[in-house]
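S.K.: Following this message is one structure expressed as structure tokens.
The values are calculated or read from the model by the stated rules, or taken from the named source; none is laboratory data. The model shown is predicted, which means the values in this text are computed figures rather than measured ones. Heads up, the Cβs are rebuilt from the backbone with ideal geometry, glycines too, and the neighbour counts pull from every protein chain shown.
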Amino acid sequence: MDSNYPCGWQWAYAESPETFDAFAQAEDPDGLAVAALLKHSDWAEKRILEIGCGTGRWSVQLATASRAQEWVATEPSRKMLALAKQHDDTPASLMFHQAKAQAIALPDSTFDAIFAGWVLGYLKPTVFDEAIKEAQRLLKPGGHIWLFENGSTDGGIPQDARNIERLQNSGFELVESISTHLEFRDSAMGQQTLNALFAPHATPVVDKNGQVAHTICLWRL
Ligand SMILES: C[S@@+](CC[C@H](N)C(=O)[O-])C[C@H]1O[C@@H](n2cnc3c(N)ncnc32)[C@H](O)[C@@H]1O
């Protein structure tokens, strides 16, 4: 994995996918991000590539709800992928493969669209450029790359303004900002999860109901 990820996240991807998954399961409980993405893109009967699928929460939800013909979910971490494969509601259209975004061993022009949630925006600039090049090689002409990324620079789940600038400079356009929240089982469990992932100075505070405000940005190239 790439060394620019904050330490807690890196540790979770490599060693503790359950910690990441506790965060992932709390994110956007009302499914607003999936609804927004599918409002803007019709993927029924299409071939879709997902980059950095993590523990597979979007893979299962989107492969099912989009009615894609084929959803190929890729992820470099062996342990994250192992957890992703344990979902018991995985549709037949969904396949998992171990791969980094910058090297996906599939033929040119294979996919109608590409999706990545919280992956590209956080890669080192050189790796980001390689990943975009690889994605464009794999896309059919006219296909789009869709991203979920954090939207907040002033509270909630933070986003580094430099990451937003990099997306804009690469031609990504902001399609929609989705106001949502994280919802943990309880406040203590939520705070423990966030403390394990975020740097101490940047850890969001979970309120007494186990919630944290959150903005998800939908980007498209
Ligand atoms: C914040 S997690 C997001 C996981 C998943 N997309 C989700 O939203 O639940 C970032 C993921 O990117 C993966 N990752 C790190 N470096 C990567 C790379 N070079 N190519 C593809 N994925 C990468 C990590 O292993 C991790 O699973």
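S.K.: Cβ-Cβ below 6 Å, separation at least six or inter-chain, first residue in the stretch 18-38 and without any contact (Cβ under 8 Å) to a residue 12 or more places away in the chain and farther than 24 Å from Gln192 by Cβ, second within 9 Å of the ligand (Cβ to nearest atom) and in a helix (DSSP H, G or I): which pairs?
M.R.: none
S.K.: Follow-up question, since we're still on this one. So for the stretch 86-99 (the condition being within 19 Å of Phe23 (Cα to Cα) and either surrounded by fewer than 17 Cβ atoms within 10 Å (Cβ to Cβ) or away from the ligand (no atom under 12 Å from the Cβ) (or both)), does at least one residue qualify?
M.R.: Within the stretch 86-99, the first condition is being within 19 Å of Phe23 (Cα to Cα), and the residues that meet it are 86-87.
Checking the rest, the ones that are also either surrounded by fewer than 17 Cβ atoms within 10 Å (Cβ to Cβ) or away from the ligand (no atom under 12 Å from the Cβ) (or both) come to 86-87.
For the stretch 86-99, residues within 19 Å of Phe23 (Cα to Cα) and either surrounded by fewer than 17 Cβ atoms within 10 Å (Cβ to Cβ) or away from the ligand (no atom under 12 Å from the Cβ) (or both): present.
S.K.: Shifting gears a bit: Any chance you could count how many residues in the stretch 7-17 are out of contact with any Ser or Thr (no Cβ under 7 Å at 6 or more places or on another chain) and either within 10 Å of the ligand (Cβ to nearest atom) or modelled with pLDDT of 95 or more (or both)?
M.R.: So the first thing to find is which residues in the stretch 7-17 are out of contact with any Ser or Thr (no Cβ under 7 Å at 6 or more places or on another chain), and the list is 7-11, 15-16.
Right, trim to either within 10 Å of the ligand (Cβ to nearest atom) or modelled with pLDDT of 95 or more (or both) and you get 9-10.
Adding up the residues that qualify gives 2.
S.K.: I'm trying to understand the selection: among the residues of the stretch 124-154, which are of a type in the set (Ser, Thr, Tyr) and assigned to a strand (DSSP E or B)?
M.R.: Step one: filter the stretch 124-154 for residues of a type in the set (Ser, Thr, Tyr), giving 126, 152-153.
Listed by number, the list holds a single entry, Ser152.
S.K.: For the subset of the stretch 56-74 comprising residues that are more than 16 Å from Leu32 (Cα to Cα) and polar (S, T, N, Q), which member is surrounded by the fewest Cβ atoms within 10 Å (Cβ to Cβ)?
M.R.: By that ranking, first place goes to Gln69.
S.K.: In addition: Pick from Ile51, Ile114, Ile104: which is of a type in the set (A, V, I, L, M, F, W, C), under 19 Å from Ile216 (Cα atoms), touching a His at 6+ places or on another chain (Cβ under 9 Å) and within 12 Å of the ligand (Cβ to nearest atom)?
M.R.: Numbers: Ile51 fails: touching a His at 6+ places or on another chain (Cβ under 9 Å); Ile104 fails: under 19 Å from Ile216 (Cα atoms).
Answer to the selection: Ile114.
S.K.: Residues Arg78, Arg137, Arg162: which one is at pLDDT below 95 and either under 22 Å from Cys217 (Cα atoms) or surrounded by fewer than 19 Cβ atoms within 10 Å (Cβ to Cβ) (or both)?
M.R.: Working: Arg78 fails: at pLDDT below 95; Arg137 fails: at pLDDT below 95.
After applying the criteria, what remains is Arg162.
S.K.: Being closer than 20 Å to Arg185 by Cα, in contact with a strand residue (DSSP E or B) (Cβ under 8 Å, 6 or more places away or on another chain) and either crowded, with 22+ Cβ neighbours inside 10 Å or among the hydroxyl-bearing types (Ser, Thr, Tyr) (or both) is the requirement here; does Ala26 meet it? First the steps, then the outcome.
M.R.: Working: closer than 20 Å to Arg185 by Cα: yes; in contact with a strand residue (DSSP E or B) (Cβ under 8 Å, 6 or more places away or on another chain): yes; either crowded, with 22+ Cβ neighbours inside 10 Å or among the hydroxyl-bearing types (Ser, Thr, Tyr) (or both): yes.
Considered against the rule, which asks whether it is closer than 20 Å to Arg185 by Cα, in contact with a strand residue (DSSP E or B) (Cβ under 8 Å, 6 or more places away or on another chain) and either crowded, with 22+ Cβ neighbours inside 10 Å or among the hydroxyl-bearing types (Ser, Thr, Tyr) (or both), Ala26 comes out as yes.
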